[in-house]
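J.: Starting off with a structure, shown below.
The values are calculated or read from the model by the stated rules, or taken from the named source; none is laboratory data. It should be emphasised that the depicted structure is a prediction, and the values quoted were computed from it without experimental measurement. Backbone-built Cβ (ideal geometry, glycine too); neighbour counts: all protein chains shown. The protein model used for the area step is the full one, side chains on, heavy atoms only, and it has no ligands, DNA or RNA in it. Shrake-Rupley method; radii C 1.70, N 1.55, O 1.52, S 1.80 Å.
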Amino acid sequence: MGDDRVKEIDCRGLACPGPVLKAKNLIDESAPAELKIIVDNEAAVQNVSRFLGSRQYKVSVSLEGEGTCVKGEKGADAGVKDAIAKEVPRRGIADQPRETARILVLVSNDRMGHGDDLLGKKLLVSFLTTLKEMGKELWRLVFINNGVKLTVEGSDLLGVLSELEKESTILVCGTCLTHFELLDKKKVGQTTNMLDIVTAMQLADKVITV
Amino acid sequence: MDDPYSFGQIAAANALSDIYAMGGVPKTAMNLVAFPVKDMEISVLRSIIEGGLVKMREAGVVLVGGHSIEDSELKYGLSVTGIIHPSRVLVKRNIRPGDRLVLTKPLGTGIINTAIKGGLASTESIEKAVYSMAELNKTAAEVMERYPVNACTDITGFGFLGHLAEMVIGSGRSVKVFSASAPVLPDTISLASMGLVPAGAFNNKKFRIHMMDISPEVDPVLIDVLFDPQTSGGLLISVPEAHAPGLLASLRDAGIADAAVVGEVTEGPEEKITVE
């Protein structure tokens, strides 16, 4: 940033070969001395690293926000083999050092606790409104089953959730939205699948179920 | 795959392959079709079915019926029934120390398909890949039948090393892979080197890498090719060493030019795959 030679492309959400093609277009157009490609899956990290290596960039990889940043720099010591052999194999996202803990909150209903439903709904509103106190440690907020109803048109919590989404990632179960026929009504968060949910649980330091 | 006729051929070859890999003879098939009637010309479906039918004829299979539904995404496959004498059924795990492993089709269809999506595949590699995918494993199975084969499987979505792992697990044996001898489609290595490896190859690798002992001499790009998910891949045949040269020569005489010895079975019991 601040250096106009550094080109950056956000390839999150793109499946292979999308990220490689974007990187290729950028290099073909402007041959930048330095570029950053932000990706969000392991296959893309490996493929983009390999592609940049094949174009004689020196490759490094780091965690960046919700994604992984693959950086290429032109330099005399750039090499394909080097980048692949030494950098790629230990690039598990879970292995990256970091300062804050990752908390995943799984919301499986539109109310909190059992007993009085009206009370339960009030409690959940209060819970989600207060959740921002977790700060940066609130890493993922996942809505499943009845919980997805909080993310759709007409929910009282859209404002609260949009606020939380600025710092954290909100995932909403696609199967559940489809089941309730609410897929078009979702107003906040990213539609997700069980594999992403399970992976997120595995990467999280703490999982809280409501 | 953009050409519906080729798509039909490949889907049929893929569906028939399991029977061949068991040493059986397919006899009847049913078409299974999901088609987006509103979004696609019906002539596309006709071409797909014709492609499938050509392969069924080639296999000597009778189309006895089928099932079709309207769906948002196009799908086509076959449900195939074949026959085999119970004592001659080939299973994956029956590999024996000293066996040679023979692979009958070149690897790389997943990588080339990824390159096709990106518009980066050469005409030559597309043609070779389509030809290879549409090729039935019938001839290979017929040749194999004349030899005292111990085990066989067909290479599909788990890639060469993934399906090899399925032969090794539960066998009580280990396997050594001669990576440099693996037949590979044109351009596959260069396309993989520039990052056109499908996500499935990385998943396959992640899943099975714990049982692999990979020599540092082997190019990591080639390892990805060995894990590349295949569509309608070849047979992987485990045959006693004494019969391997004969089997290989017969396969090549029958027109299976890419057939190669790609490994050998060693004593267990670790159930390891060494790639060198």
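J.: Considering every residue within the stretch B:78-95, establish whether at least one is closer than 17 Å to B:ALA11 by Cβ and within 14 Å of another protein chain (Cβ to nearest Cβ).
T.: no
J.: Output the qualifying pairs, or none if there are none: Cβ atoms under 8 angstrom, residues six or more apart or on different chains, first residue in the stretch A:34-49 and within 7 Å of chain B (Cβ to nearest Cβ) and in contact (Cβ under 8 Å) with a residue 12 or more places away in the chain, second residue assigned to a helix (DSSP H, G or I) and among the polar types (S, T, N, Q).
T.: So the pair list comes out as A:ALA43/B:ASN203.
J.: Considering only the stretch A:52-62, I want to know if a residue exists there that is within 22 Å of A:LEU203 (Cα to Cα) and within 14 Å of another protein chain (Cβ to nearest Cβ).
T.: yes
J.: Filter the stretch B:41-62 for residues that are aliphatic (A, V, I, L, M) and more than 18 Å from B:PHE7 (Cα to Cα); which is surrounded by the fewest Cβ atoms within 10 Å (Cβ to Cβ)?
T.: B:VAL62
J.: It is to be established whether one or more residues within the stretch B:145-164 are assigned to a loop (DSSP other than H, G, I, E, B), of a type in the set (Asp, Glu), more than 14 Å from every other protein chain (Cβ to nearest Cβ) and open to solvent by 10 Å² or more (accessible area, probe 1.4 Å).
T.: yes
J.: Select, from B:ILE214, B:ILE237, the only residue that is away from every other protein chain (no Cβ under 13 Å) and of a type in the set (A, V, I, L, M).
T.: One residue alone meets the criteria, B:ILE237.
J.: Of the numbered conditions (1) within 10 Å of chain A (Cβ to nearest Cβ); (2) surrounded by fewer than 17 Cβ atoms within 10 Å (Cβ to Cβ), B:PHE207 satisfies every one except a single condition; which is it?
T.: (1)
J.: Filter the stretch A:2-33 down to the residues that are basic (Lys, Arg) and away from chain B (no Cβ under 12 Å) and list them by number. Write out each step before concluding.
T.: Initially, the stretch A:2-33 is screened for residues basic (Lys, Arg), giving A:5, A:7, A:12, A:22, A:24.
A:ARG5, A:LYS7, A:ARG12, listed by residue number.
J.: For B:LEU196, work out the one condition from (1) crowded, with 22+ Cβ neighbours inside 10 Å; (2) under 25 Å from B:ASN137 (Cβ atoms) it doesn't fulfil.
T.: Unmet condition: (2).
J.: Anything in the stretch B:23-40 that is closer than 27 Å to B:LEU90 by Cα and either open to solvent by less than 60 Å² (accessible area, probe 1.4 Å) or among the β-branched types (Val, Ile, Thr) (or both)? List them, or say none.
T.: Within the stretch B:23-40, B:GLY23, B:GLY24, B:VAL25, B:PRO26, B:THR28, B:ALA29, B:ASN31 qualify.
J.: With the requirement that a residue be among the aliphatic types (A, V, I, L, M), part of a strand (DSSP E or B) and open to solvent by less than 10 Å² (accessible area, probe 1.4 Å), what does the stretch A:49-66 give you?
T.: A:VAL59
J.: From the list B:ALA134, B:ALA180, B:ALA141, which one is in contact with a Ser or Thr (Cβ under 8 Å, 6 or more places away or on another chain) and of a type in the set (A, V, I, L, M)? Break it down into steps so the answer makes sense when it comes.
T.: Details: B:ALA180 fails: in contact with a Ser or Thr (Cβ under 8 Å, 6 or more places away or on another chain); B:ALA141 fails: in contact with a Ser or Thr (Cβ under 8 Å, 6 or more places away or on another chain).
Of B:ALA134, B:ALA180, B:ALA141, the one residue that is in contact with a Ser or Thr (Cβ under 8 Å, 6 or more places away or on another chain) and of a type in the set (A, V, I, L, M) is B:ALA134.
J.: Follow-up question, since we're still on this one. Scan (1) modelled with pLDDT under 90; (2) over 15 Å from the mean Cα position of the chain (by Cα) for the single condition A:THR191 breaks and write down its number.
T.: The one condition A:THR191 does not meet is (2).
J.: Just a yes or no: is a residue in the stretch A:23-40 open to solvent by 10 Å² or more (accessible area, probe 1.4 Å), among the hydroxyl-bearing types (Ser, Thr, Tyr) and in a strand (DSSP E or B)?
T.: Among the residues of the stretch A:23-40, not one is open to solvent by 10 Å² or more (accessible area, probe 1.4 Å), among the hydroxyl-bearing types (Ser, Thr, Tyr) and in a strand (DSSP E or B), which makes the answer no.
Results for (1) modelled with pLDDT under 95; (2) of a type in the set (A, V, I, L, M, F, W, C), shown as yes or no for each residue.
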residue	(1), (2)
B:SER47	no, no
B:GLY52	no, no
B:VAL61	no, yes
B:GLY66	yes, no
B:VAL80	no, yes
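J.: Step by step: first the residues of the stretch B:63-99, then only those that are of a type in the set (S, T, N, Q) and open to solvent by less than 90 Å² (accessible area, probe 1.4 Å), then the one that is nearest to B:ALA34 (Cα to Cα). Which residue is that? Before you say what the answer is, go through the steps one by one.
T.: Step one: of the stretch B:63-99, the residues of a type in the set (S, T, N, Q) are B:68, B:72, B:79, B:81, B:87, B:94.
Right, trim to open to solvent by less than 90 Å² (accessible area, probe 1.4 Å) and you get B:68, B:79, B:81, B:94.
Working: B:SER68: 6, B:SER79: 14, B:THR81: 21, B:ASN94: 37 Å.
The residue in question is B:SER68.
J.: Could you tell me whether the stretch B:112-122 includes any residue that is among the aliphatic types (A, V, I, L, M) and either open to solvent by 30 Å² or more (accessible area, probe 1.4 Å) or not assigned by TED's automatic domain parsing to the domain that holds B:ARG173 (or both)?
T.: yes
J.: In addition: Looking only at the stretch B:16-57, count how many residues are farther than 19 Å from B:MET144 by Cα and within 17 Å of the chain's Cα centre (by Cα).
T.: 1
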